[in-house]
Amino acid sequence: MSASHPITRKRLLRYFMDACKPREDWLVGMEIERLGRREADGLPLPYENGDASVRRVIDALMEHRGGSRVLEGALPIGVDADWGTISLEPGGQVEWSSRPAEDLEKLGEQLDLHLDAMHRVGEQLGVRWLQTAIDPELPLDQMPWMPKSRYHIMRPYLGERGRLAHLMMTQSASIQCAYDFADPEDFRRKFRCGALLAPIATALFANSSLYEGRETGYQSYRQRVWQETDPDRCGLPDVVFDEGFGLESWLDYVLATPAIFLHRARGTVPAGGVPFRELMVLSGCDAIRDEDWETHISTIFTDVRSYTYIEVRSADGLPDALAFSVPSLWTGLLYDESALDAALAIGEAWDSGPRWRETMECFARDGIHGSIGGRENRDLILETLRIAADGLTRAGCVGDGTRAGDALAAIADHHGLKL
């Protein structure tokens with residue numbers, strides 16, 4: 001979008017419409033977050049002070065792989081490079097975002113290089129990277145907070161909105177994947193597939209059953225934490241289940257969601273929890289800017305969300321050996337029409353807000369065990385895996401498909417399932 005034009009609903013709808021791409025131009029991307037702990041004492045990484053610190057991790061990644069520091073004031077808060085970007089989550093989680101890849105094979109190569117660099121940096125600095133999606137041992141009051149201005153505002157705001165918001169911010173880690181869409185109808189189908197199958201993905205990739213050294217009663221406690229973070233911007237809005245759901249209804253939901261902060265000449269400032277739509281009437285120095293819109297979308301924490309691409313967000317952080325199973329599943333489901341049809345058919349059983357929330361609770365709590373609507377969770381998960389594996393044989397952005405197929409077989413075997 002051009003910064004020289006005022007932000008209107010019509011212009012924001014064009015933001016999404018202009019993102020439509022023909023199939024031959026589709027790409028795939030992923031993000032993976034890691035919680036770091038000091039080898040010496042098991043404590044979380046502070047921002048600075050000593051080798052085992054987040055600031056030194058940023059420096060060491062640049063030493064190994066190159067890139068440019070991302071600064072906030074004088075403080076390094078990330079890396080921008082041709083191999084992707086590094087950013088910091090509130091509790092010092094290190095997030096890598098890939099560059100958009102032409103296919104899964106190339107995405108896998110990016111992932112391998114990143115995980116290898118993280119391993120080498122960990123050995124160099126005395127850092128252990130947790131292979132779970134929730135810190136399984138430490139209490140919340142031992143978590144550091146990163147010196148990013150947006151987190152200074154988000155911390156009190158979300159703390160008032162949800163009992164577990166600070167746990168989400170500082171002690172959780174996930175894997176997210178990004179997909180293109182061809183037109184408004186393709187957007188609708190892919191978004192709803194990611195939404196309807198989020199409970200199944202939550203169970204398949206569940207990796208957060210322990211917290212403070214105890215079983216939580218959930219296979220994905222991370223999903224439970226999101227349920228008590230902020231009802232305005234988490235879970236799924238009921239509009240996703242409406243027959244007419246599409247780009248415009250998604251846009252209207254985003255516009256109705258309260259804004260947390262805005263960017264101004266004096267820095268990042270609180271937005272006061274006012275719906276973004278109401279801020280669009282401001283003018284002069286207070287007028288909403290393009291960066292305010294992009295930032296606002298980044299504070300929509302639904303299980304599926306959309307920028308100029310669709311982002312699926314329901315997977316726990318996984319051990320390195322299983323991480324590639326997440327983009328392998330979603331690419332097989334979303335980038336083949338027959339697989340997309342079959343996946344949407346599975347989700348018809350809980351295609352309403354109340355039923356979806358009941359289903360998500362079941363899958364987050366029981367994982368591959370238990371049942372919903374008269375069907376065993378494991379059977380629904382296995383059916384979804386087989387649909388994805390079949391979809392990979394026809395989908396675009398796969399490469400030769402061998403690695404992706406092996407990744408699905410590995411996550412199935414992890415649960416004692418056979419494709």
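List of remarks:
- Residue identified as surrounded by 20 or more Cβ atoms within 10 Å (Cβ to Cβ) and either modelled with pLDDT of 95 or more or within 21 Å of VAL312 (Cα to Cα) (or both) among ARG23, ARG9, ARG34, ARG14: ARG34
- Being over 26 Å from SER249 (Cα atoms), free of Cβ contacts under 8 Å to residues at least 40 places away in the same chain and part of a helix (DSSP H, G or I) holds for only one residue in GLU160, GLU105, and it is GLU160.
- Residue list for the stretch 375-419, filter: at positive phi and crowded, with 16+ Cβ neighbours inside 10 Å: CYS397, GLY399, GLY401
- Residue selection: MET154 satisfies the criterion of being under 27 Å from GLU48 (Cα atoms), touching a residue at least 60 places away in the same chain (Cβ under 8 Å) and not in a loop (DSSP other than H, G, I, E, B).
- When the strands (runs of 3 or more DSSP E) confined to the stretch 265-353 are screened for residues that are crowded, with 17+ Cβ neighbours inside 10 Å and of a type in the set (A, V, I, L, M, F, W, C), those reaching at least 1 such residues are found at 304-306, 310-316.
- Boolean, ARG120 is in a helix (DSSP H, G or I), touching a helix residue (DSSP H, G or I) at 6+ places or on another chain (Cβ under 7 Å) and surrounded by fewer than 16 Cβ atoms within 10 Å (Cβ to Cβ): yes
- Output for the stretch 385-406, where each listed residue is in a helix (DSSP H, G or I) and under 18 Å from ALA178 (Cα atoms): ALA388, GLY391, LEU392, ALA404
- Criterion violated by THR202 - all others in (1) surrounded by fewer than 23 Cβ atoms within 10 Å (Cβ to Cβ); (2) in contact (Cβ under 8 Å) with a residue 40 or more places away in the chain; (3) among the β-branched types (Val, Ile, Thr) satisfied: (1)
- When the stretch 94-117 is limited to residues that are of a type in the set (D, E, K, R) and either out of contact with any strand residue (DSSP E or B) (no Cβ under 7 Å at 6 or more places or on another chain) or over 13 Å from ARG34 (Cα atoms) (or both), the one that is surrounded by the most Cβ atoms within 10 Å (Cβ to Cβ) turns out to be ASP103.
- So GLY126, is it surrounded by fewer than 17 Cβ atoms within 10 Å (Cβ to Cβ) and over 18 Å from ARG313 (Cα atoms): yes
- When THR85 is tested against (1) under 30 Å from TYR253 (Cβ atoms); (2) part of a loop (DSSP other than H, G, I, E, B), only condition (2) is not met.
- A Cβ distance below 7 Å, combined with a sequence gap of six or more or placement on separate chains, defines the contacts here; from the stretch 347-365, residues that are in contact (Cβ under 8 Å) with a residue 40 or more places away in the chain reach residues that are surrounded by fewer than 16 Cβ atoms within 10 Å (Cβ to Cβ) in the pairs GLY353/ASP238; CYS362/GLY370; ARG365/GLY217.
- Residue in the stretch 388-398 that is among the polar types (S, T, N, Q), farther than 19 Å from ALA203 by Cα and modelled with pLDDT of 95 or more present: yes
The values are calculated or read from the model by the stated rules, or taken from the named source; none is laboratory data. The structure displayed is predicted, hence computed values, not measured ones. Cβ sites come from the backbone with ideal geometry, for glycine too, and all protein chains shown count toward neighbours.
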